Amino acid sequence: MHHMTLAEIARGLADKKFSSEELTKVLLARIAQLDPQLNSFISLTEELALGQAKAADARRADGESGALLGAPIAHKDLFCTLGIRTSCGSKMLDNFKAPYDATVVAKLAAAGTVTLGKTNMDEFAMGSANESSYYGPVKNPWNLEHVPGGSSGGSAAAVAARLLPAATATDTGGSIRQPAAFTNLTGLKPTYGRVSRWGMIAYASSLDQGGPLARTAEDCAILLQGMAGFDPNDSTSIDEPVPDYSASLNGSLQGLRIGVPKEYFSAGLDPRIAELVHNSVKELEKLGAVIKEISLPNMQHAIPAYYVIAPAEASSNLSRFDGVRFGYRCENPENLIDLYKRSRGEGFGAEVQRRIMVGAYALSAGYYDAYYLKAQKIRRLVKNDFMAAFNEVDIILGPTTPNPAWKLGAKTSDPVAEYLEDVYTITANLAGLPGLSMPAGFVDGLPVGVQLLAPYFQEGRLLNVAHQYQLNTDWHTRTPTGF
């Protein structure tokens, strides 16, 4: 049962081969048995899951149907869930139980999903390795000595280890696509505004976006269908009709124009990953796609711009965690200033403190124009590069990451080295574009992903290309040894 995809589960439930309750019990037992070696979950919600599974079975018995009705998933632990700890991977929120459901959680629950638990993550989604969590690092099921990627590493590791078929995740600078690449999954960052951010605890508000992590493009289409849509509670939500993503999966790729940016193949890219990317290009050419070299000249400025904008927004968003209203509070404060200082100093980890300090500096008087304003101008140049490219091509293809997953602890003493691993993913967040990573092979036994980018609201196009690629390759079917 644990090897079934979301699509296979939907067919099995519809054909009454098993019930949602039976499947839920199997997966909960599997999590209890295998997750101690992965640390992919922060909280398990067995009672809630079994209740939702029974309710889903009852709805099916009454004649209701739906691809997500009775499907087991988990939520990244920054989606607020009513009455359940929502920690953001931080000591600051270790005791916080959300008083409401995030829109994504509510929409998926209404569709009939079964919530098995909340997955581990980098603290406040700040990281590329899932090593900054207050609850300890997550381990990659392909090699337990390596990172699973971040910040959605818990969701990625759990799905890759077949503990569940799919999970929600978020992407601020690549935090869906990079862990997908490191764990042999398909991960989709939708267009900014396509999925509601209401109830999704903020890191950088102009960059954050929720999306699905699953084994196949078909499953990502199913989960995105349940997540996407306009939300009046979210001022950045786009009032745009949501297409039937599953209906677009089987379109022909004949004549599809794929752009391959020359800037992607610099000295920083592992040549073995470059070879796998070129192999993917050849596979898509066989399916009728037309390949064209393009240029994204301002890509080189993306990382410095991102690491000004994101920390600046984080310093603002995290100012609410002050030891007064909710979350962690230090013991026996001497006065209000001491309360603020010690609550934040004790409640936040090193990486979060580092980014708050960088962001506060970039926004301070005298430095705003030199750093934050200049970074926003670079952001516009990055977007303009993409708009020009999409006048020539339909999608853009390249590596998801410059290297395969590194060993646990290998980059913890050098944050900049970790930041550089985001070089291919952050541009989509700066521009607000949809991006997808799909499995494309292995280097030294570790998975490698290929990234696809498309114009705004063309998630269906990305899913179509990835699905056709997966019909003709078997990388996405590989399972880590022992799971």
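Observations, loosely collected:
- Surface composition of segment 57-120: carbon and sulfur atoms hold 53% of the protein heavy-atom accessible area at a 1.4 Å probe.
- With contributions of -39500 (n - 2.57) from each DSSP H run of at least four residues, the per-residue ellipticity at 222 nm computed over the chain stands at -11000 deg cm²/dmol.
- Checking every one of the trypsin sites (Lys or Arg not before Pro) in segment 1-101 against DSSP loop status and a limit of 15 other Cβ atoms within 10 Å picks out K16, K17.
- Segment 93-234, Rg to Rh (Cα coordinates; Rh as Kirkwood inverse mean 1/r): 0.94
- Highest-first packing order for the peptide set 323-334, 122-133 is 122-133, 323-334, based on the mean count of other beta carbon atoms within 10 Å.
- Each Cα pair of segment 180-258 feeds into the Kirkwood radius, which the Stokes-Einstein equation turns, at 10 °C and 1.306 mPa s, into a diffusion coefficient of 114 µm²/s.
- Packing, taken as the mean count of other beta carbons within 10 Å per residue, orders the peptides 219-225, 351-357 from highest to lowest as 219-225, 351-357.
- Cβ-defined net charge surrounding I291, 13 Å radius [Lys, Arg +1; Asp, Glu -1]: 0
- Put simply, when 281-289, 301-309 are sorted by average Cβ atoms within 10 angstrom per residue, most first, you get 301-309, 281-289.
- With the convex hull of its Cα atoms as the shape, segment 1-134 has an orientation-averaged projected area of 8.2 nm².
- All Cα-Cα separations within the chain were binned at 10 Å from zero, giving a P(r) of 4, 22, 33, 27, 12, 3, 0, 0, each value a whole percent of the pairs.
- For the chain, the solvent-accessible area of protein heavy atoms averages 36 Å² per residue (probe radius 1.4 Å; ligands and nucleic acids excluded).
- Relative to one another, the C-alpha centroids of segment 32-73 and segment 89-103 are positioned 20 Å apart.
- An ellipsoid equivalent to segment 209-367, defined through the eigenvalues of its Cα gyration tensor, has semi-axes of 43, 24, 15 Å when rounded to whole angstrom and sorted largest first.
- Straight-distance crosslink candidates among lysines, where the alpha carbon sits under 17 Å from K341 and sequence neighbours closer than 8 are dropped: K91
- Carbon/sulfur fraction of accessible area - segment 438-483, other protein chains in place, 1.4 Å, %: 47
- With semi-axes defined as the square roots of five times the eigenvalues of the C-alpha gyration tensor, the equivalent ellipsoid of segment 342-483 measures 32, 25, 12 Å, largest first.
- Atom-type composition of the exposed protein surface of segment 329-424 places 56 percent of the accessible area on carbon and sulfur (1.4 angstrom probe).
- Point-to-point label distance, N233-K407, nm (Cα→Cβ direction, 7 Å offset): 4.5
- The trypsin sites (Lys or Arg not before Pro) of segment 114-211 include none that meets both conditions, a loop assignment by DSSP and at most 16 other Cβ atoms within 10 Å of the site Cβ.
- Excluding same-chain neighbours fewer than eight residues apart, the lysines reachable from K97 by a Cα-Cα span under 16 Å are K76, K118.
- Under 22 Å from K282, Cα to Cα: lysines that are on another chain or at least 8 residues apart: K262, K292
The values are calculated or read from the model by the stated rules, or taken from the named source; none is laboratory data. Treat the numbers as computed from the prediction; the structure is a model and nothing was measured. FYI the Cβ positions are ideal-geometry reconstructions off the backbone, even for glycines, and counts take in every protein chain you see. These accessible areas exclude ligands, DNA and RNA; they are computed on the full protein's heavy atoms, side chains included. Shrake-Rupley method; radii C 1.70, N 1.55, O 1.52, S 1.80 Å.
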